[in-house]
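Since every read-out is calculated from the coordinates, none of them should be taken as a lab result. Remember, it's a predicted structure, so these values are computed and weren't measured experimentally. So basically every Cβ, Gly included, is an ideal-geometry build from the backbone, and we count neighbours across all protein chains shown.
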Amino acid sequence: MKAHDGMYIDGEWRPAAGTDAIAVVNPADEQVIAQVPAGTADDVDAAVRAARGALPAWAATPPAERAARITALRDVLVARKDEIAETVTAELGSPLKLSQAVHVGAPIAVAGSYAELAASYAFEEKVGNSTVHLEPVGVVGAITPWNYPLHQIVAKVAPALAAGCTVVLKPAEDTPLTAQLFAEAVHEAGVPAGVFNLVTGLGPVAGQALAGHEGVDLVSFTGSTAVGRQIGATAGAAVKRVALELGGKSANVILPSADLAKAVNVGVANVMSNSGQTCSAWTRMLVHDSQYDEAVALAAEAAAKYGERIGPVVNAKQQQRVRSYIEKGVAEGARLVAGGPEAPRDQGYFVSPTVFADVTPEMTIAQEEIFGPVLSILRYEDESDALRIANGTVYGLAGAVWAGEATEAVAFARRLDTGQVDINGGRFNPLAPFGGYKQSGVGRELGSHGLSEYLQTKSLQF
Ligand code: NAD
């Protein structure tokens, strides 16, 4: 695959400071498809300087002009959508249809939403005798994961640009090619030099240098809770702003009045999509005692259908990690009703779509994020029991509630300690705030709430 051997800094592709490279591997066949440079602290420093240099002019650019650049960026993503989808499939392993519809379709919608918001947002408001100006926070260090490679980038860069911030992006090691295509799109869209910069590299090297750089005003991180905790500590010590989108262990609560077959089938699809590598996936299905056996049978049948359709997980380490969780589930007494730890194919990092029944709330597979195609089905006795189980993890990113009437589901959803809940299979909304309660994170992405993360207030009194 085509890859740049440099970094995109100050509007051009520049040679990397060091000579180390990262091999990009196709997880479906384990072949190396490209090499990208492994950035160092020197590359990060050059990128931050470029972003700082570009900040005053970009921050002063009228919102309508910033909106025009984001619209142009959205249009380039649309024009190059097939190439981007093929690249996501090559480096992430997701089936091409999923790459087209979700991995490219969702970020195009998000970019479009920020083009509109930049043009319509009130960057100034009156409060009594004060005028409050909403000003850009400054230089953003954006660090993104591989699971939705383009979406994670657009969900940070689009609102940052809309706000008038400049950006240095450090994308995940596994999916740098999508990030390079995004940088090309930014360039083609006519975004001024230095406003967006890309440094590929390893998390503990380039990522850490970016998070700790004194020229960065806000670190926006999406990834694991373990790394997020470190980044939060670094940012706290430097008294700089931080936004953390972290892990999840979301509950799919099926109340007895729900359409059971629909709730189970949609729930299984939600977990198996993207091979379970979705932070908001509903990996714990909660079913009333009276419907438990029927739900387990339906879920096992639904999961079996995913056998041939599911893509690999992202890399060998992730495959091993997911398989160890499956072994742990068996060892702790959960009952396998679909899939299992054996690799379903000789080549590629595939994991069988797996469903566990008889999972109890304290089991490891019911508490820890697995990030693979593994569903746990738990039993509850009544609503208060369901609520206790649903809220009984350190996470609180997303969830789902199903009931005969939406009002019943809403009443339950209001008691969940989580940032987003789908009611009876509600659809993705690119304008709705997304982010976590508890250890799932700090801050929100998407829509106007996502935009406000990149703004700070200045009040003038009259
Ligand atoms: P990760 O934390 O290992 O890596 C995420 C990013 O951080 C990568 O770019 C990586 O290079 C970088 N990084 C790693 N160590 C670093 C360090 N010491 N300093 C600075 N940067 C560092 O996570 P991952 O394995 O790529 O992604 C999976 C995790 O992301 C899961 O836990 C998942 O739940 C979470 N996630 C959360 C959301 C959300 O919106 N809440 C979305 C997607 C993924």
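Working only within the range 2-59, note down all residues that are assigned to a loop (DSSP other than H, G, I, E, B), polar (S, T, N, Q) and within 25 Å of the chain's Cα centre (by Cα). Quick ask: steps written out before the conclusion?
In the first step, residues of the range 2-59 are kept if they are assigned to a loop (DSSP other than H, G, I, E, B); the result is 2-5, 10-11, 16-20, 27-30, 38-40.
If we keep only those that are polar (S, T, N, Q) too, we end up with 19, 40.
Answer for the range 2-59, where residues must be assigned to a loop (DSSP other than H, G, I, E, B), polar (S, T, N, Q) and within 25 Å of the chain's Cα centre (by Cα): just THR40.
I'm checking my understanding of the structure. Among residues of the range 23-45 that are of a type in the set (A, V, I, L, M, F, W, C) and surrounded by fewer than 19 Cβ atoms within 10 Å (Cβ to Cβ), which one is farthest from VAL351 (Cα to Cα)?
In the first step, residues of the range 23-45 are kept if they are of a type in the set (A, V, I, L, M, F, W, C); the result is 23-25, 28, 32-34, 36, 38, 41, 44.
Then drop every residue that is not surrounded by fewer than 19 Cβ atoms within 10 Å (Cβ to Cβ), which leaves 23, 32-33, 41.
Values: ALA23: 22, VAL32: 20, ILE33: 22, ALA41: 36 Å.
The extreme case among them is ALA41.
Inside the range 221-252, can you point out the residues that are in contact with a strand residue (DSSP E or B) (Cβ under 6 Å, 6 or more places away or on another chain) and closer than 30 Å to TRP402 by Cβ? Spell out the reasoning first.
Narrowing the range 221-252 to residues in contact with a strand residue (DSSP E or B) (Cβ under 6 Å, 6 or more places away or on another chain): 221-222, 228, 231-232, 235, 241-246, 250-252.
Result: THR222, LEU244, GLU245, LEU246, SER250, ALA251, ASN252.
Taking into account only those residues within the range 116-175 that are aromatic (Phe, Trp, Tyr) and within 30 Å of LEU98 (Cβ to Cβ), which is nearest to the chain's Cα centre (by Cα)?
To start, the set of residues in the range 116-175 that are aromatic (Phe, Trp, Tyr) comprises 121, 123, 146, 148.
Narrowing further to those that are within 30 Å of LEU98 (Cβ to Cβ): 146, 148.
Numbers: TRP146: 8, TYR148: 6 Å.
Among them, the one singled out is TYR148.
Just the residues that are of a type in the set (Val, Ile, Thr) and in contact with a Gly (Cβ under 8 Å, 6 or more places away or on another chain), please, taken from the range 45-80. Step through it out loud before you land on a result.
First, pick out the residues of the range 45-80 that are of a type in the set (Val, Ile, Thr): 48, 61, 70-71, 76, 78.
The answer is VAL48, THR61, THR71.
Taking the criterion of being more than 21 Å from ALA59 (Cα to Cα) and within 14 Å of the ligand (Cβ to nearest atom), would at least one residue in the range 192-199 satisfy it? I'd like the intermediate steps shown before the answer.
Within the range 192-199, the subset more than 21 Å from ALA59 (Cα to Cα) is 199.
With within 14 Å of the ligand (Cβ to nearest atom) added as a condition, the list becomes 199.
Yes, that holds for at least one residue.
If you take the residues in the range 203-223 that are within 8 Å of the ligand (Cβ to nearest atom) and without any contact (Cβ under 8 Å) to a residue 40 or more places away in the chain, which one is surrounded by the fewest Cβ atoms within 10 Å (Cβ to Cβ)?
PRO204
Quick one: how many residues across the range 162-178 are assigned to a loop (DSSP other than H, G, I, E, B) and either within 12 Å of the ligand (Cβ to nearest atom) or under 15 Å from GLY39 (Cβ atoms) (or both)? Spell out the reasoning first.
Of the range 162-178, the ones assigned to a loop (DSSP other than H, G, I, E, B) are 164-165, 171-175.
Now restrict to residues that are either within 12 Å of the ligand (Cβ to nearest atom) or under 15 Å from GLY39 (Cβ atoms) (or both): 171-175.
Of the residues in the range 162-178, 5 are assigned to a loop (DSSP other than H, G, I, E, B) and either within 12 Å of the ligand (Cβ to nearest atom) or under 15 Å from GLY39 (Cβ atoms) (or both).
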